[in-house]
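The values are calculated or read from the model by the stated rules, or taken from the named source; none is laboratory data. The structure displayed is predicted, hence computed values, not measured ones. Cβ: placed from backbone, ideal geometry, glycine included. Neighbour counts: every protein chain shown.
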Ligand SMILES: Cc1ncc(COP(=O)(O)O)c(C=O)c1O
């Protein structure tokens, strides 16, 4: 048992809040047999007004899109954005959450021994809470290009957040860890940059912000699109396009982004120091806007916050 288990013992499953020890999946379910679950992770942040959720409708929509891509078709009709928000509210209340947390919401295909298929299966939603902590070192991440390639859209679409596809992420991340790095850079089969194991990537070159476009075998990150909006609003030129690996080596700045990575500077790639080996000025500016946004200190982006529990 980890600290977060004991700190937040209640989870959402089968339409209600239950103790985590009662939240189980059958070993013969499609979720366990084939990794047939889709999920999202979203932040709940503490603000002066209370707890807020960031871009919840985007998380809900992406979760539903993942079910659509994979073909888990039993959850779409019975479940609405309002019930998604209400279950989050119940989860915060029952766990007495007062600080920043992440919520992992997963739709599992639970039919038993269904054979290798995706549609017509029974499904269930689970949600659990854990303390918000970045998955990358805040002072700067060191990345290694992994020899594993990102799963292409025609194999397991990275655009859908499918649990089974995270074997690919785990292989890349473990390769990086085994070589003494913090995380990996995934390339596609043609050698273009996709993303990290669980975060998107941006580079800064000559004052321009560049990120692999959404057809580069990556998860269309909700933070990725938010950062593009921040950048354009402060007058930065943003390019979404194919990115070569060698562009990383000569970038002025690189950062990773995502719910669990926030905005983390990348200070080294494949034994090459990026910029001066510290957080760059543009990364710093965007990271400050983002942290302020999450904590309700940014009027311009208040539109992305949903009040979950008032103070
Ligand atoms: C593979 C991958 N890419 C990117 C992201 C970032 O997505 P988001 O900004 O929606 O958290 C994640 C988040 O978990 C991820 O797993």
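Taking only region 186-201 into account, find how many residues are in a loop (DSSP other than H, G, I, E, B) and away from the ligand (no atom under 12 Å from the Cβ).
Qualifying residue count, region 186-201: 4.
Does residue 234 satisfy the condition of being modelled with pLDDT of 95 or more, away from the ligand (no atom under 14 Å from the Cβ) and out of contact with any helix residue (DSSP H, G or I) (no Cβ under 9 Å at 6 or more places or on another chain)?
no
Name the pairs whose Cβ atoms lie under 7 Å apart, with the first residue in region 136-162 and within 16 Å of residue 174 (Cα to Cα) and free of Cβ contacts under 8 Å to residues at least 40 places away in the same chain, the second within 16 Å of the ligand (Cβ to nearest atom) and not in a strand (DSSP E or B), and 6 or more positions between them or separate chains?
The qualifying pairs are 147/175; 148/168; 148/171; 148/172; 148/175.
Please list, ordered by first then second residue, the pairs with beta carbon atoms under 9 Å, 6 or more apart or interchain, first in region 41-66 and within 14 Å of residue 220 (Cα to Cα) and in a loop (DSSP other than H, G, I, E, B), second modelled with pLDDT of 95 or more and away from the ligand (no atom under 14 Å from the Cβ).
Here the result reads 55/305; 55/306, each pair linking region 41-66 to a residue that is modelled with pLDDT of 95 or more and away from the ligand (no atom under 14 Å from the Cβ).
Would you be able to tell me the number of residues in region 129-161 that are surrounded by fewer than 22 Cβ atoms within 10 Å (Cβ to Cβ) and closer than 30 Å to residue 16 by Cα?
Within region 129-161, residues that are surrounded by fewer than 22 Cβ atoms within 10 Å (Cβ to Cβ) and closer than 30 Å to residue 16 by Cα number 8.
Among what's in region 219-229 and is near the ligand (Cβ under 6 Å from one of its atoms) and touching a helix residue (DSSP H, G or I) at 6+ places or on another chain (Cβ under 8 Å), pick the residue that is farthest from residue 290 (Cα to Cα). Outline the logic, then answer.
Looking only at region 219-229, we keep the residues that are near the ligand (Cβ under 6 Å from one of its atoms), and these are 219, 221-224.
Adding the requirement that they be touching a helix residue (DSSP H, G or I) at 6+ places or on another chain (Cβ under 8 Å) leaves 222-223.
On the way: 222: 12, 223: 9 Å.
Once the filter is applied, the top-ranked residue is 222.
Of the residues 211, 215, which single one is within 16 Å of the ligand (Cβ to nearest atom), modelled with pLDDT of 95 or more and exposed (fewer than 15 other Cβ atoms within 10 Å of the Cβ)?
215
Just to be sure before I move on: is residue 303 more than 16 Å from the ligand (Cβ to nearest atom) and modelled with pLDDT of 95 or more in the structure I sent?
yes
Hey, can you tell me all the residues within region 172-183 that are within 11 Å of the ligand (Cβ to nearest atom) and either surrounded by fewer than 23 Cβ atoms within 10 Å (Cβ to Cβ) or in a strand (DSSP E or B) (or both)?
Residue satisfying the conditions is 183 alone.
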